[in-house]
Amino acid sequence: MSGPDINGNSGPPGRGVAADELRRHNLAVVLSRLHLGGRLSRSELASGTGLNRSTIADLVGELLALGLVEEGPALVVSGPGRPSPVVRTRPDGAVVLAVELSVDSIAVATVGLGGHVYNHLRIERPREHLSPAEAVNDIANLARPLIASLPTQHTFVGVGVGVVGITRRSDRFLHFAPNLGWRDVPLGELLAAELQVEPPVPVATEADLGALAEHRRGVRPGAPNLIYVSGEVGIGAGVIVNGEPLLGAAGCAGEAGHTLINPAGRACRCGAIGCWETEAGETALLRHIGSQVSTTGLSALNTLRKRAAAGDKATLAAIAEIGRWLGLGIGNLINVFNPDVVVLGGLFHRFYPFLEASVVQGARSQALDAPWSGVTIVPSGLGIDSPLIGAAEFAFSEVLADPARVGLARPHRPAGTSRRRNAQPEPPANR
Ligand SMILES: [Zn+2]
């Protein structure tokens with residue numbers, strides 16, 4: 001047996017695996033393939049996973065019974081062999097709510113299996129340090145209409161949250177968010193209570209989820225070694241190594257924004273001096289612009305982007321200066337992680353056309369020849385929504401790891417939603 005699991009792992013489980021465990025593993029492999037690969041014929045599933053056709057038929061039958069996939073008409077094949085039915089995920093078979101809480105905006109989306117976005121909303125968020133309770137209330141008010149508008153028969157399976165700060169996945173705590181002014185917030189539990197969903201509501205650092213989204217659905221899907229670097233007020237980074245998210249001992253790896261880049265630099269909100277984000281984040285950009293921009297946040301950035309597009313020299317020089325520092329830090333990351341690709345998101349995605357030259361130059365000056373020769377630096381393929389899409393993928397993790405759990409009873413669900421248990425298979429779609 002072979003084929004990647006949801007984290008890109010390949011190969012058979014160890015010897016002595018019980019038959020039920022092996023079946024659940026295979027079920028997870030097949031559903032993950034369909035979730036990321038779109039529609040596939042049974043024979044493509046067999047060749048892609050290394051499982052034989054009768055095993056694939058059994059697994060697809062089980063996924064049909066769980067309401068997670070549907071089958072379409074068989075593909076017409078030339079030559080010997082039977083036509084092979086086409087299988088695809090049912091978006092309503094498992095639906096999640098994705099939440100992104102960043103400094104300048106709150107975004108929510110309802111996403112079905114296979115990555116189908118039912119609905120998506122993003123609103124600007126005031127810069128003032130709102131309390132966690134206020135933010136959670138804002139998120140719930142944004143999310144409720146989206147959940148209420150889902151198809152009647154959808155199966156709601158969970159919530160995934162990305163937040164700009166250091167998180168502890170073990171207890172769904174936001175440990176420290178210097179740019180929100182929050183410490184030790186039980187964000188997962190607060191959201192579960194406000195949304196009236198069954199806990200746990202998993203919480204992760206938004207840059208880690210941006211990396212996950214770029215790895216699964218971005219500009220270089222499947223790239224085994226990927227670094228996502230996102231700019232907002234600060235800098236966030238998420239790292240994928242050999243197809244696996246790099247989490248670290250406490251789950252807070254990748255805080256590259258708070259690595260030292262300028263010992264003679266400025267005080268950072270984290271308490272240290274000369275962190276990368278003090279030289280290459282939004283604060284640094286606005287500092288270089290000086291007094292020309294009086295506001296902060298998205299409106300200021302939109303103004304600056306217009307000025308850059310119009311060729312304003314002072315604006316372009318300020319962008320190039322943060323690009324240089326950004327590039328130096330990326331060069332450090334290239335030396336440490338030897339990535340296939342570095343994806344730039346958030347602020348750096350918005351300003352990429354004006355940053356590209358200085359970023360590449362800065363990175364080239366710092367990176368060693370060997371890791372530099374194989375790396376590509378690109379803007380995000382998902383725009384500013386990488387962390388939101390990553391939050392959805394994060395929320396799907398449990399269902400993809402063990403699809404049978406979608407049929408298990410769960411006592412709570414968002415108000416106004418339905419839950420289908422052990423759904424009977426519907427007739428194949430005639431398309
Ligand atoms: Zn810092």
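The values are calculated or read from the model by the stated rules, or taken from the named source; none is laboratory data. Just so it is clear, the structure is predicted and the values come from calculations on it, not from any experiment. Here the Cβ positions follow ideal geometry from the backbone for every residue, glycine too, while neighbour counts run over all protein chains shown. Surface accessibility is based on the protein's heavy atoms, side chains included, excluding ligands, DNA and RNA. Shrake-Rupley method; radii C 1.70, N 1.55, O 1.52, S 1.80 Å.
Using the Cβ atoms and a cut-off under 14 Å, what net charge is assigned to the surroundings of E124, where Lys and Arg are +1 and Asp and Glu are -1?
-2
Under 1.5 on a/c is rounded, so check that first for region 218-325, then, if it is not, pick prolate when a/b is larger than b/c and oblate when it is not; a ≥ b ≥ c are the square roots of the alpha carbon gyration tensor eigenvalues.
It is oblate, given that a/c is not under 1.5 and a/b is not larger than b/c.
Between A74 and T376, what length comes free when the chain is fully extended (0.36 nm per residue of separation minus the Cα-Cα distance, one decimal in nm)?
Residue separation times 0.36 nm, minus the Cα-Cα distance, leaves 104.7 nm.
For the chain, rounded, prolate or oblate, judged on the Cα gyration tensor with a ≥ b ≥ c (square roots of eigenvalues), a/c < 1.5 rounded, else prolate if a/b > b/c?
prolate
With +1 on the Cβ of every Lys and Arg and -1 on the Cβ of every Asp and Glu, and nothing else charged, how large is the dipole of the chain about its Cα centre, in debye rounded to the nearest 20?
In debye, rounded to 20, the chain gives about 680.
Given 0.36 nm per residue, what is the gain on full extension from R405 to V336 after removing their alpha carbon distance, in nm?
Between R405 and V336, full extension yields 21.0 nm more.
With a 1.4 Å probe and every protein chain left in place, work out the accessible area per residue of region 333-411 in Å², rounded to a whole number.
Per-residue value: 38 Å².
Using a 1.4 Å probe, what is the accessible area per residue for region 207-268, in Å²?
36
Which of rounded, prolate or oblate describes region 141-264 when judged by the alpha-carbon gyration tensor and an a/c cut-off of 1.5?
Oblate, because a/c is 1.5 or more while a/b does not exceed b/c.
Would you kindly find the accessible area of C252, with a 1.4 Å probe and non-protein molecules such as ligands, DNA and RNA excluded, rounding to the nearest 10 Å²?
About 60 Å², ignoring ligands and nucleic acids.
Compute the separation of the alpha-carbon centres of region 369-395 and region 170-207 and state it in Å as a whole number.
Comparing the Cα centres of region 369-395 and region 170-207, I get a distance of 23 Å.
To the nearest Å, what is the center-to-center distance of region 214-242 and region 44-120, using C-alpha atoms only?
24
Give the carbon-plus-sulfur fraction of the accessible surface of the chain in %, rounded to a whole number; probe 1.4 Å, heavy atoms of protein chains only.
Whole-percent figure for carbon plus sulfur exposure: 54.
Could you please report the charge total around L34, scoring K, R as +1 and D, E as -1 over all other residues with beta-carbon less than 12 angstrom from its beta-carbon?
Overall, the nearby charge balance is +2.
Give me the net charge for the shell around G390: Cβ to Cβ below 10 angstrom, other residues only, Lys and Arg +1, Asp and Glu -1.
That sum, taken over residues with Cβ under 10 Å, equals -4.
Among DSSP bridges having both ends in the chain, what percentage is antiparallel? Round to the nearest 5.
Looking only at bridges with both residues in the chain, the antiparallel portion is about 65 percent.
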